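Enquirer: Pasting in a structure now, in structure tokens, and then I'll have a few things to ask.
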Amino acid sequence: MDYLIIDFETYFDDSYSLRRMPTHEYIRDERFRALGLAYWRSTFPTDTPGWAEGPQIKAMLDSPPCDVPWVAHNALFDASVLQERFRKPYQRRPKLWLDTMLMARYCIGQGILPPDLTVSLAALAEHFGREAKGDTAGAVAAGGEALAEYARHDIYLTREILHRLLPHVPRS
């Protein structure tokens, strides 16, 4: 199956964060800044995800492959950023969203994953024996290549979790 994984990295601070605000309020706030976008398509000739920042984000999103499913861990967030900040109304949209966080919730509910497992990317990575997620605040504070590497690693973890969970989720 061909698919595209995306992961927006965004600015946050102690008073302005997803932990303190509903998703859409956070995205629509005047302080919102997309610091970068990591992405990887299953047809890429390399396992290394791409990274776009600043105007490159818009350029990358100007011609996205809308004929394939898009994947994100917490697609509500990434799809909302895409819609609210990078899309004009009625523009082309992804064919389908796959959300590894919701897949994990489904698998917990079906007894496929342990009932006490949380659905964070970090917890799922640990459960599946993958390298730790990393420190979000530290990566955002460092910026530059440190943030890019952090985001690329999130893409890798999302891809691994997708491959583990997708066989257990009904096609519908």
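The values are calculated or read from the model by the stated rules, or taken from the named source; none is laboratory data. Keep in mind it's a predicted model, so treat the numbers as computed, not measured. Here Cβ is always computed from backbone atoms with ideal geometry, including for glycine, and neighbour counts include all displayed protein chains. SASA here: full protein model, heavy atoms, side chains in, ligands and nucleic acids out. Shrake-Rupley method; radii C 1.70, N 1.55, O 1.52, S 1.80 Å.
Enquirer: Quick one: grab the alpha carbon gyration tensor of the range 52-137, order the square roots of its eigenvalues as a ≥ b ≥ c, and give me rounded if a/c is under 1.5, else prolate or oblate depending on whether a/b is larger than b/c.
Expert: The shape class here is prolate.
Enquirer: Carbon-plus-sulfur fraction of the accessible area of the range 1-85, 1.4 Å probe, in percent?
Expert: The C+S portion of the solvent-accessible surface of the range 1-85 is 47 percent.
Enquirer: Once you have the Cα-Cα distance between residue 136 and residue 46, take 0.36 nm times their residue separation minus that, and quote the gain in nm to one decimal.
Expert: Once the chain is fully extended between residue 136 and residue 46, it gains 29.9 nm.
Enquirer: Consider the candidate values (i) 0.97; (ii) 0.94; (iii) 1.19; state which one is Rg/Rh (Cα atoms, Kirkwood Rh) computed from the structure displayed.
Expert: This structure yields the entry labelled (ii).
Enquirer: Put +1 on the Cβ of each Lys and Arg and -1 on the Cβ of each Asp and Glu in the range 1-80; which of 71, 51, 27 then has its Cα farthest toward the positive end of the dipole?
Expert: The residue sitting farthest along the positive end of the dipole is 27.
Enquirer: Keeping all protein chains in place and using 1.4 angstrom, which order do 85, 28 fall into by accessible surface area, from largest down?
Expert: Ranked list, largest accessible area first: 28, 85.
Enquirer: Further question on the same structure: Rounded to the nearest 20 debye, what is the charge dipole size of the chain about its Cα centre when +1 sits on each Lys and Arg Cβ and -1 on each Asp and Glu Cβ?
Expert: Value, rounded to 20: 660 debye.
Enquirer: Excluding ligands and nucleic acids, what accessible area in Å² is computed for residue 135 using a 1.4 Å probe, to the nearest 10?
Expert: About 100 Å², rounded to the nearest 10.
Enquirer: Can you send over the solvent-accessible area of residue 40, 1.4 Å probe, protein chains only, in Å² to the nearest 10?
Expert: Spelled out: residue 40, probe radius 1.4 Å, area about 20 Å².
Enquirer: Looking at the chain, what % of its DSSP beta bridges pair antiparallel, to the nearest 5?
Expert: Given both bridge residues lie in the chain, the antiparallel proportion sits at roughly 60 percent.
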